[in-house]
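K.L.:
This is the structure, below, for whatever I ask next.
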Amino acid sequence: MRKMIWLACLSYLVIGMAHVAAGSILEPMMARYGLDYRDGGQFIMNQFLGFLVGVLIAPWVSTKIGKRNTILLALGSLTLAEAAYSLLLPWEWMLSIAPLAGFGFGMTETVIGALVIEYVEEKKATTMTQIEMFFGVGALLMPVIAALFIKTGVWQLSFPVITAVAGLTTLLWLVLSFGKVDDLIAYRPPQAEQETKDHQPLKVGYNRMAGPFLVLGILFFCIYVGMEMSFSNYLPSIMIQRTGVSEASAASTMGLFWAMMAIGRLFAGRLAERAGYGRFLIIAVAAGAIVFTVSNFTKDINLSLVLIGLNGLIWAGVFAIGLVYVNQFLPGRTERTTSLLVASGGLGGALFPKLSGWTMDNASADWTLILYAGMAGVMVLLMITMVISARKLKRPANSLNEASK
């Protein structure tokens, strides 16, 4: 299991790089193709539409070809898409390829997340935040690499870097053995699968009381991922508009955000297990709303950097802890619940960058920050309602956390 967790960490590093690549080079790419922010938002939106498809069909695909083969399919698709990006094809082709990249990192994220939540027996939150930390490392490395490439006038080399790392990760999933875990992630013929199910407890479906809680969780993830992806991808452009920094320096601010994300994920799991998942999430999103609000009142570069770093720390554990929190109240449907939550995040990641691009073009970066503060405020209300709703659900007998504190 340990070897698989480390390979899962490497996989999350790859999808972290892929998630933020477009935002890291958005300014020079728009200049290369003669685009505006709405066009850039369309590129990001197309990626997340593919992400949405990959997430939604991941449970079905894994039942047909096995979890390991599903991961190989996903990472292979991502590798192919990034290789095609490297060719700097006409813009219409780039838009057409974008869903394939999203499909790859969306399916990878869903299957690996479900594996961890379902098969790791102790300290799920800590393990999940450890893996998410590598997502943050990838999302940190990509802007730093992109900034160096932008400075030297070869920003397009960002795509081959992702291609190489994604290809290596695909190869490792293909050739490595994980011992007993191999049986859990391998393809099982229908007859063998049925025999296994006959000796397992019947899966618990979503009952009427679970419905409102699940809907709240879906809305929460939709807004959260939409906000995070919009903020991180448009952060360089926001900094250029508000502080007048150079393109390379602006790309580095995204690196700062993800660096603090990665650091925060070192501690988020332990803090959540001590405080209770529900309490941790409420405090985090409320603090995030406050920081976004304060950010709108300053254009000082130094203070802006401090607030960007705070944002990274505050939001560090929200995604991973949110997945564990919702799943513990909906036992027996881990893969489906994880798929629905990540899919709703993909929908938010597709829609809200487009909205952010519209506000950047037609209003200003200030209004874009106000939009993010408003989204964080809505998340606070959703999280409070979720905690109240969770009290009506039967808590799993083996829960280690007073999650609804």
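K.L.:
Which one is least open to solvent (accessible area, probe 1.4 Å), of the residues in the range 4-39 that are aromatic (F, W, Y) and in contact (Cβ under 8 Å) with a residue 24 or more places away in the chain?
P.N.:
Initially, the range 4-39 is screened for residues aromatic (F, W, Y), giving 6, 12, 33, 37.
Within this subset, residues satisfying the condition of being in contact (Cβ under 8 Å) with a residue 24 or more places away in the chain are 12, 33, 37.
On the way: Y12: 1, Y33: 41, Y37: 35 Å².
The extreme case among them is Y12.
K.L.:
Only residues that are closer than 17 Å to I370 by Cβ, more than 19 Å from the chain's Cα centre (by Cα) and not β-branched (V, I, T): list them for the range 290-323, please. Don't jump to the end; show me each part of the working.
P.N.:
Filtering the range 290-323 for residues closer than 17 Å to I370 by Cβ gives 290-299, 304, 307-308, 311.
If we keep only those that are more than 19 Å from the chain's Cα centre (by Cα) too, we end up with 290-299, 304, 307.
Of everything in the range 290-323, those that are closer than 17 Å to I370 by Cβ, more than 19 Å from the chain's Cα centre (by Cα) and not β-branched (V, I, T) turn out to be F292, S295, N296, F297, K299, S304, L307.
K.L.:
Ok, one more. For the range 1-21, enumerate the residues that are in a helix (DSSP H, G or I) and modelled with pLDDT under 80.
P.N.:
R2, V20
K.L.:
Still on this structure, I have one more. Test A320 against the stated conditions and say whether it is of a type in the set (G, A, S) and either more than 30 Å from Q42 (Cβ to Cβ) or in contact with a Lys or Arg (Cβ under 9 Å, 6 or more places away or on another chain) (or both).
P.N.:
On the way: of a type in the set (G, A, S): yes; either more than 30 Å from Q42 (Cβ to Cβ) or in contact with a Lys or Arg (Cβ under 9 Å, 6 or more places away or on another chain) (or both): yes.
Here the answer is yes, as A320 does meet what is asked.
K.L.:
Which of the residues belonging to the range 283-318 are within 13 Å of Y224 (Cα to Cα), among the hydrophobic types (A, V, I, L, M, F, W, C) and modelled with pLDDT of 90 or more?
P.N.:
If the condition is that a residue be within 13 Å of Y224 (Cα to Cα), among the hydrophobic types (A, V, I, L, M, F, W, C) and modelled with pLDDT of 90 or more, then A284, V285, A286, A289, I314, W315, V318 are the ones that fit.
K.L.:
Go through T152, T163 for me and flag whichever is touching a Ser or Thr at 6+ places or on another chain (Cβ under 7 Å) and of a type in the set (V, I, T).
P.N.:
After applying the criteria, what remains is T163.
K.L.:
Pick out the one residue from F134, F149, F159 that is closer than 30 Å to I308 by Cβ, touching a Cys at 6+ places or on another chain (Cβ under 9 Å), at pLDDT 70 or above and surrounded by 13 or more Cβ atoms within 10 Å (Cβ to Cβ).
P.N.:
Answer to the selection: F134.
K.L.:
Looking at (1) at pLDDT 85 or above; (2) surrounded by fewer than 24 Cβ atoms within 10 Å (Cβ to Cβ); (3) not β-branched (V, I, T), can you tell me which one Q42 breaks?
P.N.:
(1) is the only condition that Q42 fails.
K.L.:
I would also like to ask the following. I'd like to check something: does the range 227-246 contain any residue that is closer than 23 Å to A125 by Cβ, surrounded by 15 or more Cβ atoms within 10 Å (Cβ to Cβ) and either in contact with a strand residue (DSSP E or B) (Cβ under 7 Å, 6 or more places away or on another chain) or at pLDDT 85 or above (or both)?
P.N.:
The answer is yes; a qualifying residue exists.
K.L.:
Here are some conditions: (1) within 21 Å of G346 (Cβ to Cβ); (2) surrounded by fewer than 24 Cβ atoms within 10 Å (Cβ to Cβ). A83 meets all but one. Which one does it not meet?
P.N.:
(1) is the only condition that A83 fails.
The values are calculated or read from the model by the stated rules, or taken from the named source; none is laboratory data. Note that the structure is predicted; figures quoted are calculated from it, not measured. Don't worry about glycine lacking a Cβ; one is built from the backbone with ideal geometry, like all the others, and counts go over all protein chains shown. These accessible areas exclude ligands, DNA and RNA; they are computed on the full protein's heavy atoms, side chains included. Shrake-Rupley method; radii C 1.70, N 1.55, O 1.52, S 1.80 Å.
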